[in-house]
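Here the structure is laid out as structure tokens; the discussion comes afterwards.
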Amino acid sequence: MASARTSKRVTVRTAEDMGHALGLSAADTAEMEFRSELTVALARIIQAGRLTHAAIAKGAGTSRTRVTAIANGNTHGVSTDVLIRVLAATGHRAEVRVKKAAA
């Protein structure tokens, strides 16, 4: 007889809280937060519709399907360098902000 698997619902408010809830290292949590912020910004830019997905894909050297996935917030299997190339293809660039991590 299989035992029932129980799950506990956890509510998080920050990427740091999410990383902790998932048992991620500080480095993995920082990467998750960076990619999340970049993905949200990219989705907004792409959905604004100044350029077609095909034009963005051509400028970034990737597929239109991948640009559509990014616009929908699906970046599973998409490297950070592709996200940055897509950002550049939209005529935008990232600005780096570095701050001390919470202890």
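See the values below:
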{"quantity": "Formal net charge of residues neighbouring residue 15 (Cβ-Cβ distance under 15 Å; K, R +1; D, E -1)", "calculated": "-2"}
{"quantity": "Cα gyration tensor, segment 1-52 - rounded (a/c under 1.5), prolate or oblate", "calculated": "prolate"}
{"quantity": "CD proxy at 222 nm, helix term only [per DSSP H run n ≥ 4: -39500 (n - 2.57); per residue of the chain; nearest 500]", "calculated": "-16500 deg cm²/dmol"}
{"quantity": "Relative contact order for the chain, counting Cα pairs under 8 Å that sit 6 or more residues apart, in percent", "calculated": "21 percent"}
{"quantity": "Zone of residue 8's modelled label, taken as backbone nitrogen in segment 78-103 under 16 Å from a point 7 Å along Cα→Cβ", "calculated": "none"}
{"quantity": "Separation in nanometres of the label points that stand 7 Å from Cα toward Cβ, at residue 17 and residue 32", "calculated": "1.3 nm"}
{"quantity": "Three-way shape call for the chain based on the alpha-carbon gyration tensor, with the a/c threshold at 1.5", "calculated": "oblate"}
{"quantity": "Probe 1.4 Å, protein heavy atoms only - accessible area per residue of segment 17-90 in square angstrom", "calculated": "59 Å²"}
{"quantity": "Rounded percent of accessible protein surface that carbon and sulfur make up, the chain, 1.4 Å probe", "calculated": "53 percent"}
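The values are calculated or read from the model by the stated rules, or taken from the named source; none is laboratory data. Keep in mind it's a predicted model, so treat the numbers as computed, not measured. Reconstructed Cβ throughout: ideal geometry from the backbone, glycine too, with neighbour counts over all protein chains shown. SASA here: full protein model, heavy atoms, side chains in, ligands and nucleic acids out. Shrake-Rupley method; radii C 1.70, N 1.55, O 1.52, S 1.80 Å.
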